[in-house]
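In what follows, a structure is listed as structure tokens, so that the remarks can point back to it.
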Amino acid sequence: MNDFRDRLSGFDDRLLDQTLFSIAGTTVTVVTLVTVGLIVLATFIVSRLLQRALGKALAIRGIEREGTVAAAKRLLHYVILAIGLAVAFDTLGLDLSALFAAGAVFAIGIGFAMQNIAQNFVSGLILLLERSIKPGDVLEVEGRFVKVEHLGVRATTARTLDDEEIIVPNSAMVQGTVKNFTLKDSTYRLRATVGVIYGSDMALVRRTLERVAAAMEWRSRKRDPVVLLADFADSAVVYEVSVWMEDPWGMRRSKSQLHEAIWWAFKEEGIVIAFPQVDVHFDAEVGDSLRALRAVS
């Protein structure tokens, strides 16, 4: 019985030490493959555990936006996976320095073709780490008023005021000038201009505009409206009305309501809104000639 056990044990040892193939002069046995498999399995387990811990840590800090948390977890997963694969390759006996050298040559070859992709990827990581732009923010990008819906690693999905979805490359938001109306607070300054004729009672015009602006239900109570005489134009005295609001995304509808309120208030007060017009004055000689032509005809 003992002799049988010794033979079985010797058979198991020979099976585990059996050479399967060689890589770069290093023999790979069954034990090596099992070890590599355990390393890869442990890598995924550690990655999942660290992702859960990262999600809880971000929640404690108040970072609960789905896009931001998902991107952070994805980045952590890639880092852990790279470390685990490096350890697995080293266990197999692969020369990582040679592999990195080959990868560097390959990267130079495709770098020019993937320049924009790499640029957008790095820009996405910058946006993720800085958190200067987040899902739900209202931005002005390249002259467009948009709301961010999803912040990806390569590009950002946003919705315009016309209810159109657009895809904005992350590099455009990192390298260009972007207005973020909800970066620290959502207070937005809404401006409306109106011109009145020169014969108007300017004191009445100011009082009317101040009353209309203060009566807007959607305006922010943190700041009082401001009425300014903006310009002495060719056909009108131009006033600018500024009203602050807490919802930048609704600025177009609010501006329409402000315009209508100004129109009806001016109607009520008898204030005439100016429009472009041209007065033509003739010299006396020209006037006499025209009258003479009319008399002849």
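The values are calculated or read from the model by the stated rules, or taken from the named source; none is laboratory data. Please read all numbers here as calculations on a predicted model, not as lab measurements. All Cβ positions, even for glycine, are placed from backbone atoms using ideal geometry, and neighbour counts span all protein chains on display. The protein model used for the area step is the full one, side chains on, heavy atoms only, and it has no ligands, DNA or RNA in it. Shrake-Rupley method; radii C 1.70, N 1.55, O 1.52, S 1.80 Å.
Per-peptide packing, taken as the mean over residues of other Cβ atoms within 10 Å, places 245-258, 74-87 in the sequence 245-258, 74-87 from highest down. Here the 3J(HN,Hα) profile of segment 214-221, calculated from phi with Karplus coefficients 6.51, -1.76 and 1.60 at θ = phi - 60°, is 5, 8, 5, 5, 7, 6, 6, 7 Hz, Gly and Pro shown as x. How many percent of the accessible area of segment 170-297 is carbon or sulfur, using a 1.4 Å probe? Here it works out to 53 percent. Please report the base-10 log of the normalised intensity I(q)/I(0) for segment 182-297, using a Debye sum with one equal scatterer per alpha carbon and no solvent, at each q in 0.10, 0.14, 0.18 (1/Å). Each listed q corresponds, in turn, to -0.43, -0.64, -0.91. Here the Karplus relation 6.51 cos²θ - 1.76 cosθ + 1.60, evaluated at θ = phi - 60°, turns the backbone of segment 138-148 into coupling constants of 9, 10, 10, 10, 6, x, 10, 8, 9, 10, 6 Hz, with x for every Gly and Pro. Taking amide H as placed 1.01 Å from N in the peptide plane, A230 has its amide H under 5 Å from the amide H of V238, Y239, E240, each at least 5 places away in sequence or on another chain.
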